[in-house]
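> If you scroll down you'll find the structure; I have some questions about it.
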Amino acid sequence: MGNCCSDVSGGQSAVGGTSGYHASSAVNAPNDAVDAFLRSRGYHGLFSQIELSLSAANLRDRDVLSKSDPMVVLYTKGRDGSLQELGRTEVVLNSLSPKWIRKCTVTYQFEVVQNLVFRVYDVDTQFHNIDAKELKLEEQQFLGEASCRLSEIVTKSNSVLTLDLAREEIFGPGHIRNSGQLTIYAEESVASKTTTELILRCSDLESKDLFSKTDPFLVISKITESGLLVPICKTEVLKNDHNPKWKQVSLSIQQVGSKDSPLTIECFNFNSNGKHDLLGKAQKSLAGLEKLQSAATGESLFIPVSVGHNHQNKVLKSQLFVDKYSENIQHTFLDYLGGGYELNFMVAIDFTASNGNPRLPDSLHYIDPSGRPNAYQRAISDVGGVLQFYDSDKKFPAWGFGARPIDGPVSHCFNLNGSSNYCEVEGIHGIMMAYTSALFNVSLAGPTLFGHVVTTAAQIASASVAKNERKYFVLLIITDGVITDLQETKDAFVMASDLPLSILIVGVGGADFKEMEILDADKGERLESSTGRVASRDIVQFVPFRDVQSGEISVVQSLLAELPSQFLTYMRARGISPNT
């Protein structure tokens, strides 16, 4: 999966312009501030290309004098039920058990439920000389249809899924006839796994500061067809250095496109106000960088300048060198899923009084008789709707906090199902039922404390590690208010950063969520505990529900986009392979 990171942290507070970063946090931590800077320029997380190989068995014979000549058409199904064609196989002649050679390619998106539809057609003899892509489907005989979610395929241990093909008979809707079986084999493209490791340096950089030397860092961007620069990689910031040599960076060939795709390498001088000076840039493909390394030569940097109405490039004496270029295959998120690793979903719901009386329509917990979900129900459904397919038993721990159970004191972590012995419920529907029931069996109270539920989730993750289970846990916290145990929560998050656990926070309602943003290290600073210990990695994602509910990016995508990266950071830091 495409990932780009530096194995050092030298400028944690650098590129994002954030100050006050403690020196202890710079050890073995990614450059979070640089990541934030890149995201502001369009950088996004992991993605992968999946190649689907198809075969079938026991297809219906629609031809009189020979067997069927089948072809598969693959569609993606939108939320509104619309179908968009993704690809077609070739036509296999005279076969009821075809194995198609042409693969269908799908871009895997973890944060989206990707519904796939496969339709098999028997291509009439008169069309055999026409390319499959040009065939009119209404002129072919429909043999059957199967559907699944892409996550159902990639979570299989061997990435193979067999589906029954079905076809409605003409004598009435609802009369479904089995029309054979379709087998789908998913394989991640090699380019998704191939990672290039680079050590870059520059010589004779110009000085932009009056009283000190330059503080340089590099940003590597790919060039789109429209000429837009999209950042995909970065280095750390080096202080007071005109001849910098940066630590190793890694980027996937999948991110770049190919070894021959053009790249722009920009060298900036860091400024604390965020307005970083361009010191020079070069344009090279990965293949070009490899040639620089093998020839041990440098590439001159240039700066675009305007002369009247003309735009020219001023060549500088500064040069870019490649001290190391190597390629290797890295384990990806999908490798771990194929190796039997699961994502276990957990949820914690805010029952504090600031949500309002659940029986009144203006309450955030109001259950609308029309069936329209409230913000809590939507967050559970949307996030759980994605994660449930990565959890085999679909038994989800569910808690509430900030309420007073019947005849009891205020609890900051109680089992949503009302049990005193176990916290799990069955499926997303089970969470919804337990949530609705709890609204009528507890009294909303306060204050808003996260520490208890985070500690409880961490204990479950810790117990799983002790049992050597192949599990990674995802805790969804849905809240309407500002937490009152910020330091205790930080302490719990720092401890949890060493465990296979990520925490997703959804803020509902109109409260001020600035403290929540502090917990989300995307702003550039790692969390620090009351004892001075710094989180070993970023495990928190926060999003205010109101920011995304009417936009193009869903709350699910906002929350889940970085989860595969957090998963991989944990596995790689501990040397855990998919088959360990």
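The values are calculated or read from the model by the stated rules, or taken from the named source; none is laboratory data. Since we're looking at a predicted model, the values are computed, not measured. As a convention, Cβ positions derive from the backbone with ideal geometry for all residues, glycine included, and neighbour counts pool all protein chains shown. Protein only, heavy atoms only, side chains kept; ligands, DNA and RNA dropped before computing areas. Shrake-Rupley method; radii C 1.70, N 1.55, O 1.52, S 1.80 Å.
> Quick one: which residue in G16, G20 is crowded, with 22+ Cβ neighbours inside 10 Å and either modelled with pLDDT under 50 or over 30 Å from A535 (Cβ atoms) (or both)? Write out each step before concluding.
Working: G20 fails: crowded, with 22+ Cβ neighbours inside 10 Å.
Matching residue, one of G16, G20: G16.
> How many residues are touching a residue at least 60 places away in the same chain (Cβ under 8 Å) and over 19 Å from L387 (Cα atoms) when one looks only at segment 419-439? Give the steps one after another, and end with the answer.
Step one: list which residues in segment 419-439 are touching a residue at least 60 places away in the same chain (Cβ under 8 Å), which gives 431, 435-436, 438-439.
This time we only want the ones that are over 19 Å from L387 (Cα atoms), so: 436, 438-439.
Final tally of qualifying residues: 3.
> Separate question: Could we say that E290 is among the acidic types (D, E), open to solvent by 30 Å² or more (accessible area, probe 1.4 Å) and either assigned to a loop (DSSP other than H, G, I, E, B) or in contact (Cβ under 8 Å) with a residue 12 or more places away in the chain (or both) here?
So E290 fits the description; yes.
> With respect to the numbered conditions (1) under 17 Å from T235 (Cα atoms); (2) surrounded by fewer than 15 Cβ atoms within 10 Å (Cβ to Cβ); (3) modelled with pLDDT of 95 or more, which one is the sole condition not fulfilled by L278?
(3)
> Quick test for you: out of V117, V91, pick the one residue that is closer than 30 Å to F567 by Cα, without any contact (Cβ under 8 Å) to a residue 60 or more places away in the chain and among the β-branched types (V, I, T).
Result: V117 is the single residue among V117, V91 that is closer than 30 Å to F567 by Cα, without any contact (Cβ under 8 Å) to a residue 60 or more places away in the chain and among the β-branched types (V, I, T).
> OK, next. Looking at segment 229-261 only, could you name the residues that are at pLDDT 85 or above and basic (K, R)?
K239, K245, K247, K259
> If G339 passes every condition in (1) buried (at least 23 other Cβ atoms within 10 Å of the Cβ); (2) at pLDDT below 95 but one, which one does it miss?
If we test G339 against (1) buried (at least 23 other Cβ atoms within 10 Å of the Cβ); (2) at pLDDT below 95, just (1) comes out false.
> Would segment 398-420 turn up any residue that is closer than 20 Å to S464 by Cβ, within 28 Å of the chain's Cα centre (by Cα), not hydroxyl-bearing (S, T, Y) and not in a helix (DSSP H, G or I)?
There is at least one residue in segment 398-420 that is closer than 20 Å to S464 by Cβ, within 28 Å of the chain's Cα centre (by Cα), not hydroxyl-bearing (S, T, Y) and not in a helix (DSSP H, G or I).
> Also, I was wondering about something else. If the requirement is being modelled with pLDDT of 85 or more, among the charged types (D, E, K, R), farther than 30 Å from K247 by Cβ and open to solvent by less than 70 Å² (accessible area, probe 1.4 Å), which of these qualifies: E139, E134, E169, E152?
Numbers: E139 fails: open to solvent by less than 70 Å² (accessible area, probe 1.4 Å); E134 fails: open to solvent by less than 70 Å² (accessible area, probe 1.4 Å); E169 fails: modelled with pLDDT of 85 or more.
Answer to the check: E152.
> I would also like to ask the following. Does at least one position in segment 475-497 carry a residue that is open to solvent by 10 Å² or more (accessible area, probe 1.4 Å), modelled with pLDDT of 95 or more and touching a Pro at 6+ places or on another chain (Cβ under 7 Å)?
no
> Being more than 14 Å from L218 (Cβ to Cβ), in a loop (DSSP other than H, G, I, E, B) and touching a helix residue (DSSP H, G or I) at 6+ places or on another chain (Cβ under 8 Å), is that true of even one residue in segment 238-254?
Within segment 238-254, none of the residues are more than 14 Å from L218 (Cβ to Cβ), in a loop (DSSP other than H, G, I, E, B) and touching a helix residue (DSSP H, G or I) at 6+ places or on another chain (Cβ under 8 Å).
Residue by residue, here is whether (1) over 22 Å from I503 (Cβ atoms); (2) hydroxyl-bearing (S, T, Y); (3) in contact (Cβ under 8 Å) with a residue 24 or more places away in the chain holds:
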site	(1), (2), (3)
P358	yes, no, yes
P361	yes, no, no
Y366	yes, yes, no
P369	yes, no, no
A375	no, no, yes
V386	no, no, yes
D393	no, no, no
P405	yes, no, yes
N417	no, no, no
